[in-house]
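Enquirer: Let me give you the structure first, and then I'll get to my questions.
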Amino acid sequence: MTVLSSLFKTTPEQQFVTLRDDGVRAMQMNELPYAEKCFLAALELNNDLKTKGFLAEVYLRMNNSEKALPLLQMLAQSGEDTLEIDLLLAQTQGKLKQYEAERQTSASILATHPQEPRALYFAAEADHGLADDFMAIAHLTQCLAIQSDYHQAQFLRAEVLKGMGQWNEVLADAEQLVAADAENVDYLLLRADAYVALARTDEAIADYQMAQSLNPFCDEAVLRLGNVYEQTSQWDKALQLYDEAIEMRSDFAAAYKARGGVKNHLKDVTGAAADLKRSLELAPEKSTDYDGEYTNVENEMNDRYKRLNPYAF
């Protein structure tokens with residue numbers, strides 16, 4: 001007898017339990033679309049709060065925050081001890097950039113759990129999203145005083161400090177993060193940015209190169225390293241870097257744009273125009289960003305042609 005046929009010979013409550021349990025098993029096996037179908041069918045038979053929690057977890061694991069949000073809001077209002085649900089709700093609101101709601105949810109958690117580091121982190125995330133960066137720093141510092149190895153909080157604090165131009169403080173956080181995980185590309189990029197701002201160029205280059213070696217497809221590692229080469233007049237190294245990046249990824253629009261700038265500096269105006277044109281073909285939505293550069297290259301080409309052909313034949 002199949003599961004489907006057996007469902008027709010059981011009570012609605014038995015059908016509900018079968019569907020719910022099948023959904024749980026599917027979720028454990030990471031068969032998320034099937035788990036979703038089971039939980040939705042189960043909820044049609046019984047509007048069970050625990051099953052809604054399972055369904056919310058499925059949506060979160062599917063990165064579908066929009067569908068998870070109303071379920072989490074309902075669960076948070078259940079009247080039970082909902083700390084973990086409230087934290088998930090704040091996290092989901094943050095993912096959806098609903099920062100005012102995230103701030104309110106975090107404040108509600110902190111009213112009863114003032115030492116909860118995750119609530120402090122989400123409060124800081126909301127502060128930052130609402131451009132209240134001094135309060136974000138305060139919440140993150142309090143969070144790290146409670147849990148010093150909360151790397152996500154330390155990274156956010158460094159990013160907020162970066163936006164404030166507090167580069168020595170950024171470097172202090174970045175160095176601790178790299179010490180904790182030397183192969184984290186985001187941490188290496190953060191530290192390299194601080195080194196650049198503090199004119200420690202050689203150390204910045206080393207970090208960008210390490211980030212690129214760890215992830216050859218990291219656009220930011222290539223572009224930031226190339227920018228340092230350009231700023232320090234290492235044009236040959238910049239050109240080689242972009243050549244290699246484009247050879248690896250022929251659709252790397254930003255690398256074509258950057259290489260076009262280098263070629264233009266090196267008086268290869270034809271090559272520069274070709275690279276800028278290719279960049280626009282790959283990323284036409286960036287055309288407004290390129291207008292000035294492309295026009296400059298085009299004008300240089302026209303001027304050079306006039307010099308070669310003064311009689312305009």
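The values are calculated or read from the model by the stated rules, or taken from the named source; none is laboratory data. Fair warning: this is a prediction, and the values are worked out from it, not measured in the lab. Please note: Cβ atoms are built from the backbone with ideal geometry, for glycine as well, and neighbour counts cover all protein chains shown. Quick note on the areas: whole protein, heavy atoms, side chains included, nothing else; ligands and nucleic acids left out. Shrake-Rupley method; radii C 1.70, N 1.55, O 1.52, S 1.80 Å.
Enquirer: Computed FRET efficiency, Cβ-Cβ of Q240 and A131, R0 41 Å: what is it to the nearest 0.05?
Expert: It comes out at approximately 0.50.
Enquirer: Mind checking the per residue accessible area of the chain for me, 1.4 Å probe, whole number of Å²?
Expert: Result: 55 Å² of accessible area for each residue.
Enquirer: Order the peptides 34-40, 165-171 from the highest to the lowest mean number of other Cβ atoms within 10 Å of their residues.
Expert: The most tightly packed comes first, giving 34-40, 165-171.
Enquirer: Over the chain, with every protein chain in place, what whole percent of the accessible area is carbon and sulfur at 1.4 Å, could you tell me?
Expert: On the way: 8820 of 17240 Å².
Carbon-and-sulfur percentage of accessible area, whole number: 51.
Enquirer: Packing-wise, with mean Cβ within 10 Å as the measure, how do 141-152, 115-126 rank, highest first?
Expert: 115-126, 141-152
Enquirer: Another one. Which of the pairs K50/K97; K237/K267; K52/K97 have their Cα atoms more than 25 Å apart in this structure?
Expert: With Cα atoms farther than 25 Å apart: K50/K97.
Enquirer: Distance in nm between label sites at M164 and M62, each 7 Å beyond Cα in the beta-carbon direction?
Expert: So the two model labels end up 4.1 nm from each other.
Enquirer: Does anything in the stretch 246-274 have its amide N under 15 Å from the 7 Å Cα→Cβ label point of D219, and if so which residues?
Expert: 246, 249-259
Enquirer: For semi-axes √(5λ) of the Cα gyration tensor in Å, which listed value, (i) 26, 22, 21; (ii) 51, 28, 17; (iii) 29, 24, 19, comes from the coordinates shown?
Expert: Computing semi-axes √(5λ) of the Cα gyration tensor in Å and matching it to (i) 26, 22, 21; (ii) 51, 28, 17; (iii) 29, 24, 19 gives (ii).
Enquirer: Put +1 on the Cβ of each Lys and Arg and -1 on the Cβ of each Asp and Glu in the chain; which of N63, G129, L87 then has its Cα farthest toward the positive end of the dipole?
Expert: N63
Enquirer: Now for a different question. If we sort 91-97, 10-16 on the protection proxy, mean other Cβ atoms within 10 Å, highest first, what's the order?
Expert: Descending packing order for the listed peptides: 91-97, 10-16.
Enquirer: Shifting gears a bit: May I have the extent of the alpha carbons of the stretch 124-235 along their three principal axes, as whole Å values ordered from largest to smallest?
Expert: Largest first, the stretch 124-235 extends 44, 24, 22 Å along its Cα principal axes.
Enquirer: Right, here's the next one. Could you work out the helix-only [θ] at 222 nm for the chain, with each DSSP H run of four or more residues adding -39,500 (n - 2.57) and the total divided by the number of residues, to the nearest 500 deg cm²/dmol?
Expert: -25000 deg cm²/dmol
Enquirer: Stick to Cα atoms and the Kirkwood definition of Rh, then tell me Rg/Rh for the stretch 198-292.
Expert: On the Cα set of the stretch 198-292, Rg over Rh gives 0.97.
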